[in-house]
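*Asks:* Here you go, one structure.
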Amino acid sequence: MAPVTILITFILFGLSALCFWLPFKNGHKKLGSVVGILLSLIIIWSFIEHLDFLVLFIWPLIIAFQIIFLTYWTFRNFGKHKTGVILAVALLVVLILTILQPWIVDWTFSKKEAKEMLSWHGIELQDDFEIIENESGGFTDYVQTFTLELSKSDFTRIAEDIRTSKNFKGFISNSAKEWPSADYRLNDTVDYETSGFVKREYYTNVKKEDGTFHFYIDLIKSESELRYFAINE
């Protein structure tokens, strides 16, 4: 394991020891023993087995739990039970909101945001449209994707802009063994059309605020839909 992982492991063990000691000191020996032992076993198991999943995703939750737990018991130790409860609840709410943040972003995704994202790519929507679905986030790779149902006018105009671009490769048969793809080494752009969709794929050396620089924009003919996919790799 890397030195930083070993350091974090010792910090986790130290916090687990406090999670045992503070309740134990205040007469809650069973609670302190259960919490302290359970946390220690999880940490030992992940350390011995080199479980990267736990290190990346579970350890942050363990640390968050330890901080909330210790906040309550520290104030209780000094006779300030209500203060401990209030602070622990406040920290728990912050933790829940942080965990739910990707979903909150998706739930609040608006037409204005969709238009701004497409405008960044030089695509302007003139008519009203519907958001069919959207999703964003990721642990190691960030992805932003959404699907819009466009008006016939906007769909036709955007498709024609792609067809008349200098990067347009023409109509590609669905039976083709390999479809064109952009070259990341050249910040390449590739446009082409099939019987089912009109597609643009490209890389850019100017990253968006979310870090994405590899983009796919698909116009689905049968549904008059625009599907947007952006990733930071």
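The values are calculated or read from the model by the stated rules, or taken from the named source; none is laboratory data. All figures in this text were calculated on a predicted structure; none of them were measured in a lab. Virtual Cβ from ideal backbone geometry, glycine too; neighbours counted across all protein chains shown. Ligands, DNA and RNA are excluded from the accessible area calculation, which covers all protein heavy atoms including side chains. Shrake-Rupley method; radii C 1.70, N 1.55, O 1.52, S 1.80 Å.
*Asks:* Anything in the stretch 113-154 that is assigned to a strand (DSSP E or B) and among the polar types (S, T, N, Q)? List them, or say none.
*Replies:* N134, S136, Q144, T145, T147
*Asks:* Only one of (1) of a type in the set (S, T, Y); (2) in contact with a helix residue (DSSP H, G or I) (Cβ under 8 Å, 6 or more places away or on another chain); (3) without any contact (Cβ under 8 Å) to a residue 60 or more places away in the chain is not met by S224, so which one is it?
*Replies:* Only one criterion in (1) of a type in the set (S, T, Y); (2) in contact with a helix residue (DSSP H, G or I) (Cβ under 8 Å, 6 or more places away or on another chain); (3) without any contact (Cβ under 8 Å) to a residue 60 or more places away in the chain is unmet by S224, namely (3).
*Asks:* Still on this model: Just a yes or no: is a residue in the stretch 172-188 surrounded by fewer than 18 Cβ atoms within 10 Å (Cβ to Cβ) and part of a strand (DSSP E or B)?
*Replies:* For the stretch 172-188, residues surrounded by fewer than 18 Cβ atoms within 10 Å (Cβ to Cβ) and part of a strand (DSSP E or B): absent.
*Asks:* For the subset of the stretch 46-60 comprising residues that are within 27 Å of the chain's Cα centre (by Cα) and open to solvent by 80 Å² or more (accessible area, probe 1.4 Å), which member is modelled with the highest pLDDT?
*Replies:* Ranking the candidates gives L56 first.
*Asks:* Restricting the search to the stretch 19-36, which residues are in contact (Cβ under 8 Å) with a residue 40 or more places away in the chain and either touching a Pro at 6+ places or on another chain (Cβ under 8 Å) or surrounded by fewer than 17 Cβ atoms within 10 Å (Cβ to Cβ) (or both)?
*Replies:* Across the stretch 19-36, the qualifying residues are K25, N26.
*Asks:* Additional query: Quickly run through the stretch 99-125 and pick out the residues that are open to solvent by less than 90 Å² (accessible area, probe 1.4 Å) and under 20 Å from I63 (Cβ atoms).
*Replies:* Selection gives I99, L100, P102.
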